[in-house]
Amino acid sequence: MRLLLDTAVFVFAIESPRRLSTRVAAVLKNPGNVRELSSVSLTEIAIKTTLGKLNISAKDARQAIEDMAIRILPFTAEHAFRLFELPAHHRDPFDRQIIAQAFSEDVPVVTSDDKFTLYKGLRLIW
C-alpha cells in the first residue's frame with residue numbers, strides 16, 4: 001500500500017518515534033508498504049528549520065529518508081490544480097498541498113492532524 005506521510009509524522013519518526021501511534025509505527029515498519037513524503041514536506045521542514053521552529057538539518061532529513069526507505073513525491077501542476085477544488089477548511093498551505101496530492105494520487109495520508117478529517121473522502125491513517 002502507498003502511504004503519504006504528513007510532515008509531522010516524518011518529524012516524529014526522526015525526533016521522537018514514541019509519539020507515533022502503534023498503528024503508524026506498524027505501517028511504517030511494514031516492508032510491503034511504499035512510504036512517500038511530499039517535496040512540500042521537505043520545503044516546510046527547511047523553512048521551519050531556518051526560522052528556528054525545527055532542528056532538522058538537510059543531512060538528517062536525507063538520512064531519515066534513506067533509513068526509512070521513503071520515496072519523495074514531487075508536487076506537480078496536477079496537484080496544484082487539485083487545490084482549486086479543496087474546501088477552505090483551514091489555511092495551512094503545506095497541509096493543503098499534501099491533501100491535494102493525496103486526493104490526486106488516491107493515497108491515504110499518515111497524520112495525527114485532526115484538521116485533515118475535515119476533508120470528506122480523504123483516507124487517513126493514525
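Some points to look at:
- Estimated [θ] at 222 nm from DSSP helical runs (n ≥ 4, -39500 (n - 2.57)) normalised by residues in the chain, nearest 500: -13500 deg cm²/dmol
- Within the accessible area of the chain (1.4 Å probe), percent carbon and sulfur: 54 percent
- Alpha-carbon centroids, the stretch 84-126 and the stretch 23-83: separation in whole Å: 15 Å
- The heavy atoms of residue 105 offer some 60 square angstrom of accessible surface to a 1.4 angstrom probe.
- Residue among 110, 11, 34 with the largest mean-square fluctuation in a Gaussian network model of the chain, springs linking Cα atoms under 10 Å: 34
- Highest-fluctuation residue, 48, 59, 115 considered, GNM on the chain with Cα pairs under 10 Å: 59
- Solvent-free Debye scattering, log10 I(q)/I(0), computed from the Cα coordinates of the chain at q = 0.15, 0.23 Å⁻¹: -0.66, -1.55
- In the full protein context, the chain carries 57 Å² of accessible surface per residue, based on a 1.4 Å probe and ignoring ligands, DNA and RNA.
The values are calculated or read from the model by the stated rules, or taken from the named source; none is laboratory data. Bear in mind that the values here come from a model prediction, so they are computed numbers and not experimental data. Just so you know, the surface numbers come from the protein's heavy atoms only, side chains and all, with ligands and any DNA or RNA stripped out. Shrake-Rupley method; radii C 1.70, N 1.55, O 1.52, S 1.80 Å.
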